[in-house]
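Novice: Quick one: this structure, given as C-alpha cells, is what I'll be asking you about.
The values are calculated or read from the model by the stated rules, or taken from the named source; none is laboratory data. Everything quoted here is computed from the prediction, not taken from an experiment. FYI the Cβ positions are ideal-geometry reconstructions off the backbone, even for glycines, and counts take in every protein chain you see.
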Amino acid sequence: MRIVVLVKVVPDTNAERTLSLETGLTERATGLVADEIGERALEAALTYADAHEGTEVHVLTVGPAEATASIRKCLAMGAASATHVVDDGLVGADLGLTAEVVAAALGRVGYDLVVAGNQSTDGMGGVLPAMVAEHLGLPSLTNLAAVDIADAEVSGTRVADDAAVSLSAPLPAVVSVTEALPDPRFPGFKGIMAAKKKPLEVISLADLGIDADDLTTSRSIMLAVDARPPRGAGVKITDDDGEAGVRLAAFLAENHLI
C-alpha cells in the first residue's frame, strides 16, 4: 500500500507572524515548520506502516523552497520519500488553485490512501482535503478523531456535538484528521541520518503539465489589506463594593458575549 500524507509548511506558531501590507500574504521567508496537524496525519500513516510490511509512506508538500528542512524532518520521522512542489506561480495561491495542484501531484506520485490534517494553523480553511477528493473523484472522510486503515478500506470516527459518527470508505480515498490523534513521534539520530539519503523530488507546475497563467482566474482577489489594530487596554472590574458580578454580567451582555 502507498499512503501519501499532505504536509503543509507554515510559519512557526510560537513566533510572531507578520502580514505583508503590500501583498496581503503572510511573510514566509524564515521560521517555517511542518504544521503539527500534518505531522499527526503522518504519525497515523507511519503507525500503520510499522505494523504492515510493504506499506510505503510518501510526503507531499506544496510550498516555498525554504520548506526543505521541514520535509527532511518528515523523512527522518519515517516517511520513505517525498515530493515538493515549488513554483513562483503558486505564490499567494488560494485553496482552489492549491487543491488543483495537489490533485495533479497526487496523480503523478500515485496513492492508495491520502491522509491530511483537517486544517492548517495559518489559513485554517478546513476544506482542502475535500476539494482534493473532489478533483480526484474519490470518497472523502473528514475531521476524523480516530482512523483505522485496512487493506481495502479506511474507516474512522468523527466526533460531533451530540454524537460520535462512524464512517468508512473503500480505497482509494482521502481522509483528514483532527488534533485528537496521537502526538507525532520525534525523529531519532538514525532517522535523521537516513533522511539525508531518502528520495526528495522537487517539481514545478510545468512538471505537472500546469500553466500558472491559465490558473490565475481561479485565484481569490485581494481588494485591501490593513495592519491589525493595536490591542486596547481593556476593562478592569474590581469588587470593592460586592457588585463586580453585576458589572461583569453587564459588560458581557453589552459586548454580546452572553
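Novice: Could you say which residue among Val4, Val33 is assigned to a strand (DSSP E or B), touching an Asp or Glu at 6+ places or on another chain (Cβ under 9 Å) and more than 27 Å from Pro172 (Cβ to Cβ)?
Specialist: Result of the check over Val4, Val33: Val33.
Residue-wise test of (1) hydroxyl-bearing (Ser, Thr, Tyr); (2) touching a residue at least 24 places away in the same chain (Cβ under 8 Å); (3) surrounded by fewer than 19 Cβ atoms within 10 Å (Cβ to Cβ).
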site	(1), (2), (3)
Tyr111	yes, yes, no
Gly125	no, yes, yes
Ala130	no, yes, yes
Leu136	no, yes, no
Ala152	no, no, yes
Ala164	no, no, yes
Ser168	yes, yes, yes
Pro172	no, yes, no
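Novice: Scan segment 30-64 for residues that are hydrophobic (A, V, I, L, M, F, W, C), closer than 29 Å to Gly92 by Cβ and without any contact (Cβ under 8 Å) to a residue 40 or more places away in the chain and report the count.
Specialist: Residues that pass the stated criteria total 2.
Novice: Output the qualifying pairs, or none if there are none: Cβ atoms under 9 angstrom, residues six or more apart or on different chains, first residue in segment 72-91 and touching a residue at least 60 places away in the same chain (Cβ under 8 Å) and at positive phi, second residue surrounded by 18 or more Cβ atoms within 10 Å (Cβ to Cβ) and in a strand (DSSP E or B).
Specialist: Gly78/Val57
Novice: So, of the residues in segment 138-150 that are farther than 24 Å from Asp94 by Cα and in contact with a helix residue (DSSP H, G or I) (Cβ under 7 Å, 6 or more places away or on another chain), which turns out to be surrounded by the most Cβ atoms within 10 Å (Cβ to Cβ)?
Specialist: So the residue we want is Ile149.
Novice: When you go through (1) in contact (Cβ under 8 Å) with a residue 40 or more places away in the chain; (2) surrounded by fewer than 21 Cβ atoms within 10 Å (Cβ to Cβ) one by one for Asn118, which number turns out not to apply?
Specialist: (2)
Novice: Give Gly191, Gly245 a once-over and let me know the one that is in contact (Cβ under 8 Å) with a residue 24 or more places away in the chain and farther than 26 Å from Asp94 by Cβ.
Specialist: Of Gly191, Gly245, the one residue that is in contact (Cβ under 8 Å) with a residue 24 or more places away in the chain and farther than 26 Å from Asp94 by Cβ is Gly191.
Novice: Let me ask something else. It is to be established whether one or more residues within segment 31-47 are under 24 Å from Met193 (Cβ atoms), more than 13 Å from the chain's Cα centre (by Cα), modelled with pLDDT of 95 or more and not aliphatic (A, V, I, L, M).
Specialist: There is at least one residue in segment 31-47 that is under 24 Å from Met193 (Cβ atoms), more than 13 Å from the chain's Cα centre (by Cα), modelled with pLDDT of 95 or more and not aliphatic (A, V, I, L, M).
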